[in-house]
Amino acid sequence: MTVTTSAPRRVGVSGLAVAMAGALTSGLGYLVPVLGARHLGPGDLGALATVLAIAAIAGVPGTGLQIAVAIHRARTPGAASGRIGWLTAAVCAGVVLVLTPVASALLDLPPVVSPLLAGYTGAVVVAGRWLGELQGDERFLRLAAGMAVLAVCRYGGLVAGLLIGAGLIGSVLAGTAVALLIPPILARLARSRADASGGTGIATRQVVTACSATLAMLVVSYADLLLARHLLPADASGAYAVGTVLTKGALWAPQVVTVLALPRLARGNRRALMIALGLVTGCGASLVGASALAGGLAFRLAGGADYVDLGRYAPVFAATGGLYALVFVLVNAQVAAGARWPSAPLWAAAVGLLVVTEWLAPHTFTAILWCAVGTAAVALALTAAATRRGQTSRRMSPYAR
């Protein structure tokens, strides 16, 4: 009896810890621009927002690296990941170092920001190596601690710099200095008896596949926000931006399920996929139902009293996020199964959304909203079909075990 009750309890504790670490990351990430608005002038605030945007885009491979390492580590315990981790970080930092001066000229950023941002990016990206090892080994409490370390070191220096009035350059310098603490701390945290010094290394293709899937997920889930900014008047695009807070909440709230399920998905556990899909569906349905009952309150919390009248649209925004949360589970399952192009349905859906909203649908708030939820549904259908085909082909393969 003890065995049957302790396992779910461990999963629950692990899930809670990972969810809290994710909430800490989101909270600190939100705190930086809030403090920037209070401690910087308009010009420096715009520059800080640009720096954060570049760092977020350049940091996407870190998530892909974590996924790839976790999958490989789950399949091959003790597999080496140091080489690919440092290589991925070096490439990302190098790209930032080469391209940021061009962007700086276009975006009016101080020249000294470029090398600082490159160092910051490299430290954040390489963290995916150790987080992936912890996730693949199913050491979820340490994973939660590692996520918390990454969050604090990623944003702590920026927060401190802004609070003491160090200005833009001083804050970015402090942010980079603290971010450089990430590798040694995570390396120590992820150390285990079975150190990652043996086993088969991760192929570059595995990391590229995971990175492209992560990027595609980011693009398709944010495309409607960008299109609204492009196609709608300022007031309407602002209102739409408030609504997408609900979308992102419904998308990211259940991601702890995918984090916990990924190692088992990597080992071909189909039951884990069904459980993950069921839990994410239940979470999405609950959020849609809550939005239908208290849409005005949801918009008030997301944007203030001026947006309460838009509460009737809250369930649609929440449904969009809920559908994308299911897509996220299936895409990770495909990456775990070794699919070659798991991002293809997402890119196709993003292109379809662009074509429909730009040239076919009216340029209105409601038209873009319904196009967005329709795109999420299409992306889910295409991804589910691709996942089903992959499972069928593996079962029919003469080499399947």
- Within segment 159-169, the count of residues that are touching a helix residue (DSSP H, G or I) at 6+ places or on another chain (Cβ under 6 Å) and within 15 Å of Gly46 (Cα to Cα) comes to 2
- Message: touching a residue at least 60 places away in the same chain (Cβ under 8 Å), open to solvent by 20 Å² or more (accessible area, probe 1.4 Å) and either part of a helix (DSSP H, G or I) or touching a Ser or Thr at 6+ places or on another chain (Cβ under 7 Å) (or both): which single residue out of Ile71, Ile54 fits that description?
- Response: Ile54
- Task: Taking Leu168 as meeting all but one of (1) touching a Pro at 6+ places or on another chain (Cβ under 8 Å); (2) open to solvent by 20 Å² or more (accessible area, probe 1.4 Å); (3) closer than 27 Å to Val113 by Cβ; (4) modelled with pLDDT under 90, write down the number of the exception.
- Result: (2)
- What is the one condition in (1) touching a Gly at 6+ places or on another chain (Cβ under 8 Å); (2) open to solvent by 10 Å² or more (accessible area, probe 1.4 Å) that Val335 does not satisfy? (1)
- Query: Restricting the search to segment 206-232, which residues are farther than 30 Å from Ala80 by Cα and open to solvent by 30 Å² or more (accessible area, probe 1.4 Å)?
  - Reply: Val219, Tyr222, Leu225, Leu226, Arg229, His230
- Note on the structure: If we keep only residues of segment 349-363 that are open to solvent by less than 60 Å² (accessible area, probe 1.4 Å) and either of a type in the set (D, E, K, R) or in contact (Cβ under 8 Å) with a residue 60 or more places away in the chain (or both), then the residue farthest from Pro233 (Cα to Cα) is Ala349
- Message: Test of understanding: among Leu150, Leu134, Leu87, which residue is of a type outside the set (Asp, Glu), farther than 20 Å from Ala47 by Cβ, part of a helix (DSSP H, G or I) and open to solvent by less than 20 Å² (accessible area, probe 1.4 Å)?
- Response: Leu134
- Query: Do we find a residue being open to solvent by less than 10 Å² (accessible area, probe 1.4 Å) and either free of Cβ contacts under 8 Å to residues at least 40 places away in the same chain or closer than 30 Å to Asp137 by Cβ (or both) anywhere in segment 297-310?
  - Reply: no
- Note on the structure: Residue hits (segment 233-269; under 30 Å from Val69 (Cα atoms), open to solvent by 30 Å² or more (accessible area, probe 1.4 Å), not hydrophobic (A, V, I, L, M, F, W, C) and not in a helix (DSSP H, G or I)) are Arg267, Gly268, Asn269
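Pick out the one residue from Ala276, Ala272, Ala319, Ala285 that is surrounded by fewer than 19 Cβ atoms within 10 Å (Cβ to Cβ), part of a helix (DSSP H, G or I) and modelled with pLDDT of 85 or more.
Details: Ala276 fails: surrounded by fewer than 19 Cβ atoms within 10 Å (Cβ to Cβ); Ala272 fails: surrounded by fewer than 19 Cβ atoms within 10 Å (Cβ to Cβ); Ala319 fails: surrounded by fewer than 19 Cβ atoms within 10 Å (Cβ to Cβ).
Selected residue: Ala285, the only one of Ala276, Ala272, Ala319, Ala285 that is surrounded by fewer than 19 Cβ atoms within 10 Å (Cβ to Cβ), part of a helix (DSSP H, G or I) and modelled with pLDDT of 85 or more.
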- Do we have any residue at all in segment 293-310 that's modelled with pLDDT under 95 and within 30 Å of Thr209 (Cβ to Cβ)? no
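The values are calculated or read from the model by the stated rules, or taken from the named source; none is laboratory data. From a predicted model like this one, the values you see are computed outputs, not experimental measurements. Positions of Cβ are generated from backbone atoms using ideal geometry, with glycine treated the same way; all protein chains shown enter the neighbour counts. Side chains included, ligands, DNA and RNA excluded: accessible areas come from the protein's heavy atoms. Shrake-Rupley method; radii C 1.70, N 1.55, O 1.52, S 1.80 Å.
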